[in-house]
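I have placed the structure first, in the form of structure tokens, so that the comments after it can refer back to it.
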Amino acid sequence: MILEFILDIGKLVLIVYCLRLAISSYVRVRDPAWSAPLARRHLAVLLILALGAVAIKLVEDVVTGESGDIDRAILISVHGLVPGNLTGFFKMITFTGSSTFLLPLTAAVTIAMFLAKRRFDAFVLSASVVGAAALVYMIKITANRARPSLWETEWYWGSSFPSGHTLVVAAFATAVALCVTRSWPRAQTLAVAGAICWIGFVGLSRLVLGVHWPTDVLAAACMGATLPLALSVAFDLHGAEKAR
């Protein structure tokens, strides 16, 4: 199992490297004006490719059923390691990933950005959250993956795959981290660390509460973070196109 895991990681790294090389080569030959924006967003492009590759691999494992034993083992371990008296805390954490919490927060932050004349950031944030919510709905109605039933849990609608709470939080937190980094570069480390912690805790809360499998959470985090990154890079390229 360990050897298979190492091989999978190696394959993903190779795929990401080849895709990055192919994109760079294509841009240099077909549209050199995009070379500078892509160079500026080198890390973002790598993250998009890496997160996309991981998400595709997880989807494949879920569809083929290969992740079943690992999912079960991890979920049982989490249930055994986290004390029962922390359940209330993780319920509060999972609430921050609900539509009841995120929709008003997204609206408030978007309006604040518009008033501050940060229209690009406002669009990236709102489009990321709306896109994430739509993506969750579309995947859930087609995936039809049964939720865990290892112990008694609260009822949630739809397929277990992906974790809607984690996906939308990942989209929101990543978009905010990008906006903060663009406006206050010195706060980048704090913004990224805060986003990772929020996404991680929401994902963990879904496992502690027993309503999602680990692959549901990990794939959702990858998908959610990819949306604002891709939007940001796409608008940089669009700006370069208009400037010609």
Unit Cα scatterers, Debye sum, the chain: log10 I(q)/I(0) for q = 0.08, 0.10, 0.11, 0.14 Å⁻¹ | -0.34, -0.52, -0.63, -0.99
Using a simple spin-label model with points 7 Å from Cα along the Cα→Cβ vector, what separation in nm is obtained for Gln188 and His42?
-> 1.2
In whole Å, how far is the Cα centre of the stretch 73-95 from that of the stretch 157-183?
-> 21
Take the Cα coordinates of the stretch 158-244, assign each an equal point scatterer, and use the Debye formula without solvent to give log10 I(q)/I(0) at q = 0.21, 0.22, 0.23, 0.26 Å⁻¹.
-> -0.91, -0.96, -1.01, -1.15
Calculated from DSSP helices alone, with each H run of at least 4 adding -39500 (n - 2.57) and the total divided by the residues of the chain, [θ]222 nm to the nearest 500 comes to -27000 deg cm²/dmol
Kindly rank 131-144, 82-95, 173-186 from highest to lowest mean number of other beta carbons found within 10 Å of each residue.
-> 173-186, 131-144, 82-95
Convert each backbone phi in the stretch 147-163 into a coupling constant with the Karplus relation 6.51 cos²θ - 1.76 cosθ + 1.60 (shift: θ = phi - 60°), then list the ³J(HN,Hα) values in order as whole Hz, x for Gly and Pro.
-> 6, x, 9, 7, 7, 5, 9, 6, 8, 10, 6, x, 5, 5, 9, x, 6
What order, most packed first, do the peptides 202-211, 115-124 have when packing is the mean number of other Cβ atoms within 10 Å of each residue?
-> 202-211, 115-124
List nothing, just return the count: lysine pairs in the chain, 8 or more apart or interchain, with Cα separation under 29 Å.
-> 5
Sequence-separation-based contact order of the chain, relative, with Cα cut under 8 Å and 6+ spacing, percent | 29
Compute the acute angle (0 to 90°) between the alpha-carbon long axis of helix 164-183 and the principal axis of greatest extent of the alpha-carbon atoms of the chain; round to the nearest 10°.
-> 30
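Any read-out appearing in this document is the output of simple, stated calculations on the displayed coordinates, not a laboratory observation. Please read these numbers as outputs of a predicted model, since none were measured by experiment. When we count neighbours, we look across all protein chains shown, and the Cβ atoms used for this are built from the backbone with ideal geometry, even at glycine.
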